[in-house]
Amino acid sequence: MDNFFAQLPQQIINGLTLGAVYALIALGYSMVYGILQLLNFAHGDVFMIGAFIGFGIMSAMLSTSAPSVIIIALMIVAAMIGCGVLGVVIERFAYRPLRNAPRIAPLISALGVSFFLQNVIQLTLSARFRTYQTAQLIPGSIGVDLGTARLSGVRALVIIVAFLLMFLLQYLVRRSKLGRAMRAVATDKDAAAMMGVDVDRVIMATFFVGSALAGAAGVLNGLVFFRIWHFMGFNAGLKGFTAAVVGGIGNVPGAMFGGFFLGFAETFAVGFLSPTFKDVIAFVVLIAVLLIRPRGLLGARLVQKV
Amino acid sequence: MNGHDKSATPLLRLTDVNTYYGQIHILQDVNLEVYPGELVCLLGGNASGKSTTLKTILGLVTPASGTVEFAGEEVQHRSTSYRIERGMAVVPENRRIFADMSVDENLQMGAYLRNDKAEIEQDRERVLELFPRLRERLNQLGGTLSGGEQQMLAMGRALMSRPRLILMDEPSMGLAPLLVEQNFQIIREINEQGTTIFMVEQNANMALSIADRGYVLQTGRIVLEDVAENLLQNEQLRKAYLGR
Ligand SMILES: Nc1ncnc2c1ncn2[C@@H]1O[C@H](COP(=O)(O)OP(=O)(O)OP(=O)(O)O)[C@@H](O)[C@H]1O
Ligand SMILES: [Mg+2]
């Protein structure tokens with residue numbers, strides 16, 4: 001028991017970090033589902049591309065004298081823009097032509113995009129693991145000691161950036177005109193069109209925003225967990241999907257909640273039980289939620305969609 | 001009444017419109033006109049193609065042949081949002097209120113294509129004066145309004161775009177007779193303040209009591225067209241639609 005309490009603060013910090021990454025991935029999953037009722041299986045691979053864009057910028061800039069803040073900011077921004085554009089392109093060419101096809105068709109198309117992205121990276125950059133040189137950007141000496149726990153600089157960065165992005169997203173969805181249009185399209189496309197909303201453009205914007213968040217998640221994940229490779233999107237996609245379902249797929253606050261829920265569940269399982277549980281826990285959570293509350297813990301009716 | 005100037009350009013004109021759903025021919029050579037300032041109704045029984053006519057006007061379905069002109073411009077190949085931008089607004093069948101949005105947000109959706117904040121605020125004020133019930137419920141979710149309140153919200157939302165033409169699909173549907181009467185008075189008021197209205201109705205008596213002119217649609221064809229007084233007297237229409 002003593003051990004448990006001694007470890008708890010550190011586990012909370014770790015849970016927050018992992019949860020922040022999952023939440024960012026889950027958001028894009030959930031937003032796309034909310035607006036198109038499409039499970040975008042390529043979303044995890046967009047996250048992977050984001051990780052590689054960040055890695056590329058880092059590798060190119062570490063040898064320069066640019067300050068770390070600038071390098072990190074550029075990594076995140078470039079990954080967000082790159083992934084945002086990628087998301088828009090995927091929507092335009094892989095999903096839009098199938099908008100009125102049977103629902104299985106875009107699912108298969110999504111799997112195709114997923115394989116395509118993995119293979120592009122494997123063929124161009126090989127199947128090797130790459131490692132983020134985080135220590136050169138944020139020295140391990142930076143951090144705050146909190147009793148038995150330590151909040152390292154990089155974990156603080158991940159948590160702060162993720163919360164900032166989620167706050168901005170929440171503002172966009174709840175307060176801006178575009179956000180209102182997204183919610184309108186999610187509830188009733190024809191009715192939204194009847195208000196003058198250009199539905200295709202709103203769908204594009206949704207893909208851009210959701211994919212940009214995945215891109216940011218890719219960089220943050222790389223910074224804090226270091227290793228990246230072409231197949232990492234598969235696992236990330238599963239976690240994002242699980243988190244989205246846990247919160248109630250299609251619902252923005254739900255995806256954030258689901259991400260942190262899963263992040264904490266995994267961290268605690270690893271920290272207090274055994275590391276072998278890490279990837280099992282997501283499925284346990286997914287199955288439990290589907291059995292007990294298929295609409296997600298923040299049930300879809302209560303909270304607004306998109 | 002029926003005082004439109006026939007030499008003026010119609011605000012809305014459908015010429016030889018044919019609309020299909022897949023293989024099924026719904027609208028057959030439909031011709032109709034709505035002049036600026038008019039209140040025109042389109043009457044017809046269930047499945048006669050009334051809603052399809054509105055969807056064709058709005059661009060939610062594309063006609064296989066024929067033209068839809070709005071304010072002198074052919075729009076049959078334009079997107080719905082383009083037509084809304086040009087000045088159409090709609091009170092759709094079943095109201096189509098955004099259930100997860102507040103009453104206020106629903107009204108703001110009506111003004112989606114506008115950027116003139118101060119004037120949007122004026123129009124919102126005007127709508128809330130027209131429908132005081134909505135003011136009491138500004139923060140209530142649209143989906144929790146009663147049917148009558150949703151109808152008011154749908155009308156208010158349409159007004160928020162400051163439209164030249166409002167298209168209405170069965171504004172009397174599902175409302176108690178007293179409320180129907182109230183709503184039709186408001187529709188007439190809106191028309192008298194200068195907004196042109198094209199209304200689809202099954203309640204022929206009620207619609208003709210406020211309309212200038214009317215068309216009668218039967219299995220996708222216009223079978224009658226006249227000023228409202230004459231239609232009210234028309235034996236054929238009486239038997240078919242007025243039920244007496
Ligand atoms: N999306 C669609 N696909 C196939 N057929 C359709 C579609 N929408 C309508 N129809 C058919 O077209 C015909 C005309 O429908 P429409 O909705 O225009 O009728 P309406 O006059 O508005 O009827 P109501 O008074 O019941 O609303 C109906 O037979 C209907 O079943
Ligand atoms: Mg109808």
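The values are calculated or read from the model by the stated rules, or taken from the named source; none is laboratory data. Fair warning: this is a prediction, and the values are worked out from it, not measured in the lab. We place every Cβ from the backbone using ideal geometry, glycine too, and count neighbours over all the protein chains shown. We work out accessible area using only protein heavy atoms, side chains counted, and drop any ligands, DNA or RNA first. Shrake-Rupley method; radii C 1.70, N 1.55, O 1.52, S 1.80 Å.
Miscellaneous remarks
- Excluding ligands, DNA and RNA, the accessible surface per residue across chain B is 42 Å² with a 1.4 Å probe.
- Ordered from highest to lowest accessible area with the whole protein assembly present and a 1.4 Å probe, A:Leu74, A:Leu286, A:Leu98 read as A:Leu74, A:Leu98, A:Leu286.
- Percent RCO, i.e. relative contact order, over chain B, from Cα pairs under 8 Å lying at least 6 residues apart: 27
- Label-point separation, A:Gln7 to B:Gln140 (7 Å along Cα→Cβ), nm: 5.3
- Computed P(r) (all Cα pairs; the protein assembly as shown; 10 Å bins; percent): 4, 16, 23, 19, 15, 11, 7, 3, 1, 0
- Hypothetical label at B:Asp29: residues of the range B:58-88 whose amide nitrogen lies under 15 Å (7 Å Cα-Cβ projection): B:65-67
- Computed on the Cα atoms alone, the convex hull of chain A gives a volume of 139 cubic angstrom per residue.
- With contacts taken as Cα pairs under 8 Å at a separation of at least 6 residues, chain A carries a relative contact order of 37 percent.
- Legend: distances between Cα atoms for B:Lys50/B:Lys117; A:Lys177/A:Lys278; A:Lys239/B:Lys55; A:Lys189/A:Lys239; B:Lys55/B:Lys117; pairs beyond 32 Å are B:Lys50/B:Lys117; A:Lys177/A:Lys278; A:Lys239/B:Lys55.
- Whole-number D in µm² s⁻¹ for chain B, Kirkwood Cα-pair radius fed into Stokes-Einstein, 37 °C, 0.692 mPa s: 180
- Difference of contour (0.36 nm per residue) and Cα-Cα distance, A:Phe129 to A:Asp145: 2.6 nm
- What you get for the range A:23-231, charging only the Cβ of Lys and Arg (+1) and of Asp and Glu (-1), is a dipole of about 140 debye around the Cα centre.
- Phi to ³J(HN,Hα) by Karplus 6.51 cos²θ - 1.76 cosθ + 1.60 over the range B:79-92, Hz, x for Gly, Pro: 6, 4, 5, 4, 5, 5, 4, 6, x, 8, 9, 9, 10, x
- Accessible-area composition of the protein assembly as shown, carbon plus sulfur, in percent [1.4 Å probe]: 60
- Once the gyration tensor of the Cα atoms in the range B:98-162 is diagonalised, the equivalent ellipsoid follows with semi-axes of 18, 12, 9 Å, ordered largest first.
- Cα lying deepest toward the dipole's positive end in the protein assembly as shown, options B:Tyr215, B:Leu128, A:Tyr33, charges on Cβ: A:Tyr33
- Positive-pole candidate from B:Thr15, B:Thr144, B:Asn31, dipole of chain B, charges at beta carbon: B:Thr144
- Of the residues making up the range B:100-115, those losing 20 Å² or more of accessible area when the isolated chain is joined by the remaining protein chains, with a 1.4 Å probe, are B:Asp100, B:Met101, B:Glu105, B:Gln108, B:Met109, B:Tyr112.
- In this calculation the C-beta distance from B:Leu113 to A:Ile81 is compared with R0 = 25 Å, giving a FRET efficiency of 0.35.
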